[in-house]
Every structure is written in structure tokens, then in C-alpha cells.
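Report on one structure; see the data block that follows.
Values in this text are rule-based calculations from the coordinates and carry no lab data. Every value quoted in this text rests on a predicted model; they were computed, and no experiment measured them. Heads up, the Cβs are rebuilt from the backbone with ideal geometry, glycines too, and the neighbour counts pull from every protein chain shown.
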Amino acid sequence: MDSTNNIDCIDSGTENCPCYLAATGDCLICSRLQGKEYCDCLWKGVCIYNEFIQNNQKINNPRKDFASKIVSRKQYLDDLYVITLEVGRGFALKAAIPGSYVFLKSPDFQNYYQTPISIMHADTENGFITVLVKSISAKTKAICAQEDKLIVRGVYRGGISGMPKIIGRFSRIIPDSKVLILTKGVGFAPAINFLNWVGSDTETEIIIDEDKICTQVIWDYLQPSTANKVLIKSLPECLSLPLTEKITEGNYTAVVVLASDYYIEEMRKIIMQLPEPPAFVHSNNANICCGEGICGACSCVDPDGTIHKKCKCL
């Protein structure tokens, strides 16, 4: 038998596995939980099928909504807010992982008002998380209008794709990595969480396009010790520069793009031109829908015809 079931799931082996997809026969990893009579998975952790059966076919630790107190709320522009929420130290610790996001909504609105928001900063000492919210339409306007509390669901882990390429032992960045980060707009928020995870021992350079945000929020949350080099520059201007030479001469081992799909694809083209391309990591963007892989809105089909649920794939 050919093994085609080699998709990595962001939740496999965590406290949230087995998940809803195990119960519906749609597990991304386990062929038995896909209805097959044989095991052909490449998963090297504790058997997901065994966990599900021994637990009486129950979902493990499903994420639930809870009310969170707003610790602080600061308005930067007419439509730009930074909100800090009290969530507990355990929740904040999970949110410190790059690519973490939560679903937020106003307590006064129905569940379809929930919207995914990236974690900008996780204060594990005090049990706080901080998010950057752009007030655009009904969902985000309702969130930004609140002053007392918000409804939170999470933590979800799939906000950044390609992280396994740069993770080494103990879930830390590969030693001696050198990282170039490009962000635009609210992509600045997951960049801060990423930089905090990387730590000061890793050499980093970040290029920030402040379109739709502002310089003040950048310097309020980008500490001098966080990145070795900071450049505020528009991404269109960056793309017109000889970035291939910059990446090659800078000996970058990873390029991280936290911007729209257009800039992700443009950077991908540039990187693929290199004889030895660095690891390419990027934001997941529109592929974050329900976060659980249930709605299927994140599904895409690869050239082999395999369906991938992008909100759950690493």
C-alpha cells in the first residue's frame, strides 16, 4: 500500500487531540479515523486512534468560550486598537507560541460575530494576552467598542505556516538561525510574538511597512532588544530592491513574511530563484476560518488531488 496520509496537523499530539475531526471520520493524520481498515499514517507520537477509542470516542479538551476582562484598551488611530485581556497564566503560555491566535467577540453578539485575531504579546507572568485590532466592519467594530470584557476562544496554533522548518529541539528555533522578517499592516502583531519567541540570541532583521498602522504602535511594542535591525519601509519598495542579493549576502536561514497573500507569493518567487533557498515561513491569512477544520472553508486541493484543511495543517 502506498502511504498518502502524510499531512501534519497543528493539533496532533497536543491537549486538543483527538479533536472534532476524529469524531466525524476526517482526522488529518489517522487513516483508521478516516474509515480505512489499515494504518498507514506517518505520525510518530502516541496513537491518535488508540487515544480516541480508549477515551470512549470523546473529543479531548475542546476549546470553549469564556469571558475575559479587558485590562487595557488603547486607541492609536480612528480604527486601530491595542487590547490587553486577562486570560490566566496557562492560556498566556500557550499563546506565546508563534502563529497563535484566538477568536474574539463582543458578549452582546451571536457566535457568528467571532473573528480570529493574532496574538501580539503574551504576558506569561501576569496571565495577559495583547492583540492588535483593526476596526474594519461589523465584527471588529463590535470588539473595539467594548471596554469591560470580551468572549475568547482558543488558543489556536495555525496562524503561521512553515514553522516546522525552523523549529529545533525543545520547540525552540534552530540554533545559529538568521531571520529576515517582512511585515505589513496588522501583520506586525504576529511578528512581535514571533520575535519574542525567537529571543535575543537569534540574529534578526525586521522590515515593517506601517501602512494601516502607525509608528507609535511599532515603537510601543517593538523593544530595542527584540530585533537586531529594524527598517520601516514600504513592501512595494522592498520588492523593487535586489532582495535576492540581500538574502544571499546576509546569509539568512529563514525569511518570514507576515503580510497579504500577494506579498507572500511575490516573496516566494524571489526566494525560489536562489540556488539555496532559505526556509520560507508566512502568515496563514484567509485560511483561518473556524480554526477546527470543520467548516471546510480553508480547504485547498494540491496537484495530487489531496484536500488540505489549511487551518489545521502545519
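Only Cα sites of the stretch 1-128 enter the Debye sum here, all with the same form factor; the resulting log10 I(q)/I(0) across q = 0.15, 0.23 1/Å is -0.84, -1.33, listed in q order. With the simple model of a label 7 Å out from the Cα in the direction of the Cβ, Ala145 to Ile174 spans 4.8 nm. Taken as entire DSSP H runs, the helices of the chain never both span 24 Å or more between Cα atoms along their own long axis and average -1.0 or more on the Kyte-Doolittle scale. Taking only the C-alpha atoms of the chain, Rg followed by Dmax gives 19.9, 59 Å.
How high is the FRET efficiency between Lys246 and Tyr20 when r is their beta carbon distance and R₀ equals 30 Å, given to the nearest 0.05? Walk me through the numbers before you get to the answer.
Details: r = 44 Å, r/R0 = 1.45.
Approximately 0.10, to the nearest 0.05.
Can you bin every Cα-Cα distance in the stretch 160-283 into 10 Å intervals starting at zero and give me the percent of pairs per bin, rounded to whole numbers? Spelled out bin by bin, the stretch 160-283 gives 13, 50, 34, 4 percent.
Taking GluC sites (Glu not before Pro) in DSSP loop conformation with at most 16 other Cβ atoms inside 10 Å as exposed sites, the chain has its longest uninterrupted site-free stretch at 148-314. Look at the Cα gyration tensor of the stretch 66-156: its axes a ≥ b ≥ c give a/c of at least 1.5 with a/b over b/c, and that counts as prolate. Length gained on full extension, Ser234 to Asp261: 8.1 nm, using 0.36 nm per residue less the C-alpha separation. Stretching the chain fully between Ser299 and Asn111 yields a gain of 65.5 nm (0.36 nm per residue, less the alpha carbon separation).
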